Amino acid sequence: MAGFSTLIDRATTWRIGQSSAEWSLAMARRLADRGDLVAAARALAVAARGGSVEAMLDLADALMQGRGVLPDGAAAIRWITAAAQAGNADAQARLGALYANGLGRPPEAGDDRGGVFHLPIDIGQARFWSEKAAEQGHVEAQVLLGWLLSRRSGADADPVRAAEWYRRAAETGNHGAKVGLAMILANGDLGEKDAAGAVRLYEEAAAAGNPTAIYYLAMALLLGEGTAPDLERALATMRQAADLQVPGAQRALGVMYMRGQNLPRDGAQAETWLRRAAIKGDVDSMALLGDLHAGRMARVPSDVEAAQWYQAAADRNHAGAQMALGLAYVDGRGVPKDMFEAVRWFAKSADAGFAPALFRLGICHLGGDGVPQDYAKAARYFRLAADAGDADALYNLGVLHYHGHGLDKDETQAMRLYVGAAERGSASAQFRVGRAHATGVGLPHDIGAALSWTRRAAEQGHVPAQVNLARMLLAGEQGGDQDAAVAEARAVLERAAAAGSGEAMSSMAELIAGHDGPAALEAALAWARRAVAAGDPQAPQVVAALEARAFQGAVR
């Protein structure tokens with residue numbers, strides 16, 4: 001056998017027929033069994049060129065893995081394609097999967113990776129080759145085709161065909177197909193939702209141990225969709241899926257422990273489950289781990305670890321994590337304080353249309369933080385954020401119109417924007433609209449509307465609104481039971497004072513002096529002096545007035 005490799009070398013130049021191809025394939029396998037991978041690869045090349053589909057696929061594997069040859073993804077794809085074009089269902093299914101998932105990563109600017117191969121995702125090619133294999137009865141290709149037809153949104157989706165392929169695969173007993181079909185039924189992609197039908201399919205696949213089916217069954221039991229809600233069974237089933245390494249189940253348990261939903265709040269348990277999912281590449285879990293550390297709920301909270309998890313998720317294009325990482329750079333939490341780096345991450349998040357990031361970029365341009373001050377750019381970002389649903393961005397557009405910064409000065413348009421933002425829930429806008437109704441400037445004078453809008457802002461924790469609401473209540477503008485109005489005003493001022501409002505402290509001093517009788521004068525003075533320390537410019541006058549009353553014996 002000493003001259004065997006020489007014969008193989010010579011064979012590469014022969015024009016061989018199918019029988020020679022089969023002989024070369026057999027020899028390649030014998031050589032591989034002996035450990036001579038280089039000679040085996042040469043023999044595979046001979047057999048593949050001779051038309052052996054098996055050799056083509058084996059050679060593709062060798063080229064992918066660098067087994068006996070240098071790794072060459074492009075050449076591997078060519079051989080798989082040749083086998084697929086020859087009608088081999090396995091090759092067609094494999095090619096469909098490669099196009100569905102892509103291979104390698106695209107080069108980035110300045111990326112010096114030489115000839116590293118990258119096959120981009122191509123859904124059209126994935127569908128084409130998967131359908132070729134599916135029509136030959138290749139069950140895995142039928143499942144993949146169902147997924148390719150159902151997962152794409154808009155005009156690319158074809159849920160009817162997706163369901164047909166899933167059903168054909170499900171009839172063979174494929175549990176993955178049952179899960180895919182169940183999801184179509186649960187989503188109502190064929191018309192009305194059939195949650196009960198979906199649960200039946202989940203139950204069948206779960207009984208056979210399909211981890212994904214177990215996870216979706218747990219969600220159905222938890223939410224009571226298609227079946228009666230059963231928290232105990234739902235949690236047991238979710239743990240089963242999590243133990244089977246389903247990242248979604250691990251994340252779900254982590255979130256429940258993190259938020260105290262259906263399970264006791266437990267930061268340590270939340271961290272355990274989220275970390276398991278994050279290690280498997282679950283991007284949402286990475287971002288949630290950042291939140292867990294930033295919110296001081298982890299076993300050993302760490303701003304550094306929070307930033308690291310945000311970074312991991314941000315690098316994988318998680319818009320919320322990119323926003324959070326930007327905020328970490330603003331405050332210097334876990335990373336160096338760097339406004340320019342913060343703006344860079346805000347911009348990445350904004351590129352994904354994340355409304356809070358668009359709003360924050362508007363704020364940066366408004367104040368010149370990390371970027372040159374530019375009111376026009378601020379207005380553009382506020383408009384984009386408002387269009388994405390951010391109520392405060394709509395309010396800020398009103399402010400820019402009111403002052404004529406970056407937009408035409410137009411107080412009427414400003415007020416229209418304030419009202420729109422208030423209706424969407426902006427506390428600042430609700431405060432502004434309440435004040436406009438109270439004064440009759442910009443909106444009709446309407447004490448009832450003023451109280452309503454001011455109260456809504458106050459309930460959201462807007463401190464100036466809390467102070468204004470208290471003053472309106474004490475002025476008797478609400479009407480009705482004055483004792484109830486004073487009690488509400490007292491509670492509102494206590495919240496505002498706890499937030500550090502000196503104005504609220506002064507108002508509390510006046511409330512106590514006016515309603516709690518002579519014995520409460522010292523308490524009123526204490527509140528007034530706290531207001532002075534808090535910087536309220538009116539507080540010294542309140543102190544002086546209360547001290548004068550005490551000195552004159554007016555309240556003793």
Is segment 244-265 home to any residue that is assigned to a helix (DSSP H, G or I) and farther than 27 Å from Q322 by Cβ? no
Right, R316: under 18 Å from F354 (Cα atoms), touching a helix residue (DSSP H, G or I) at 6+ places or on another chain (Cβ under 6 Å) and open to solvent by 30 Å² or more (accessible area, probe 1.4 Å) or not? yes
Can you go through F346, F340 and tell me which one is of a type outside the set (K, R), open to solvent by 20 Å² or more (accessible area, probe 1.4 Å), in a helix (DSSP H, G or I) and under 26 Å from Y381 (Cα atoms)? F340
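To keep it simple, each residue is scored yes or no on (1) open to solvent by 50 Å² or more (accessible area, probe 1.4 Å); (2) closer than 20 Å to G367 by Cβ; (3) at pLDDT 95 or above.
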{"residue": "D387", "(1), (2), (3)": "yes, no, yes"}
{"residue": "D392", "(1), (2), (3)": "yes, yes, yes"}
{"residue": "V399", "(1), (2), (3)": "no, yes, yes"}
{"residue": "H405", "(1), (2), (3)": "yes, yes, yes"}
{"residue": "D408", "(1), (2), (3)": "yes, no, yes"}
{"residue": "Y418", "(1), (2), (3)": "no, no, yes"}
{"residue": "A422", "(1), (2), (3)": "no, no, yes"}
{"residue": "G425", "(1), (2), (3)": "no, no, yes"}
{"residue": "A436", "(1), (2), (3)": "no, no, yes"}
Reported set for segment 243-284 where residues are of a type in the set (G, A, S) and under 17 Å from the mean Cα position of the chain (by Cα) is G248, A249, A252, G254, A277, A278, G281
Verdict on R456 being on the phi < 0 side of the Ramachandran plot and either free of Cβ contacts under 8 Å to residues at least 24 places away in the same chain or under 37 Å from the mean Cα position of the chain (by Cα) (or both): yes
Of the residues in segment 465-489, how many are within 18 Å of A539 (Cα to Cα) and open to solvent by 60 Å² or more (accessible area, probe 1.4 Å)? 1
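A quick yes/no check of all residues on (1) among the β-branched types (V, I, T); (2) buried (at least 22 other Cβ atoms within 10 Å of the Cβ):
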| residue | (1), (2) |
| --- | --- |
| M27 | no, no |
| D36 | no, no |
| V46 | yes, yes |
| S52 | no, yes |
| M56 | no, yes |
| A60 | no, yes |
| G87 | no, no |
| L103 | no, no |
Flagged in segment 119-145 as at pLDDT 95 or above and in a loop (DSSP other than H, G, I, E, B), in numbering order, are Q136, G137, H138
Within segment 49-61, residues over 47 Å from the mean Cα position of the chain (by Cα) and in a helix (DSSP H, G or I) come out as R49
Among the residues of segment 443-464, write down those that are surrounded by fewer than 18 Cβ atoms within 10 Å (Cβ to Cβ) and of a type outside the set (D, E). P444, H445, I447, G448, A449, S452, Q460, G461
Suppose we filter segment 119-163 for residues that are closer than 18 Å to I80 by Cα and either within 31 Å of the chain's Cα centre (by Cα) or open to solvent by less than 70 Å² (accessible area, probe 1.4 Å) (or both); how many remain? 18
Would you be able to say whether some residue in segment 429-436 is of a type outside the set (S, T, Y) and closer than 30 Å to F340 by Cβ? no
Of the residues in segment 29-48, those that are part of a helix (DSSP H, G or I) and small (G, A, S) come to A32, A39, A40, A41, A43, A45, A47, A48
Out of the helices (runs of 4 or more DSSP H) lying entirely within segment 447-541, which hold 2 or more residues that are out of contact with any Pro (no Cβ under 6 Å at 6 or more places or on another chain) and closer than 30 Å to V419 by Cα? 447-459, 463-474, 482-498, 502-515
Condition (residue is small (G, A, S), over 30 Å from L144 (Cβ atoms), modelled with pLDDT under 95 and open to solvent by less than 20 Å² (accessible area, probe 1.4 Å)) applied to segment 63-76: is it met by at least one residue? no
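Matching residues to (1) within 26 Å of Y215 (Cβ to Cβ); (2) small (G, A, S):
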{"position": "A278", "(1), (2)": "yes, yes"}
{"position": "M286", "(1), (2)": "yes, no"}
{"position": "E305", "(1), (2)": "no, no"}
{"position": "Q308", "(1), (2)": "no, no"}
{"position": "G332", "(1), (2)": "no, yes"}
{"position": "M339", "(1), (2)": "no, no"}
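The values are calculated or read from the model by the stated rules, or taken from the named source; none is laboratory data. No experiment lies behind these values; they were computed from the predicted model shown. In this analysis, Cβ positions are derived from the backbone assuming ideal geometry, glycine residues included, and neighbour counts consider all displayed protein chains. Surface accessibility is based on the protein's heavy atoms, side chains included, excluding ligands, DNA and RNA. Shrake-Rupley method; radii C 1.70, N 1.55, O 1.52, S 1.80 Å.
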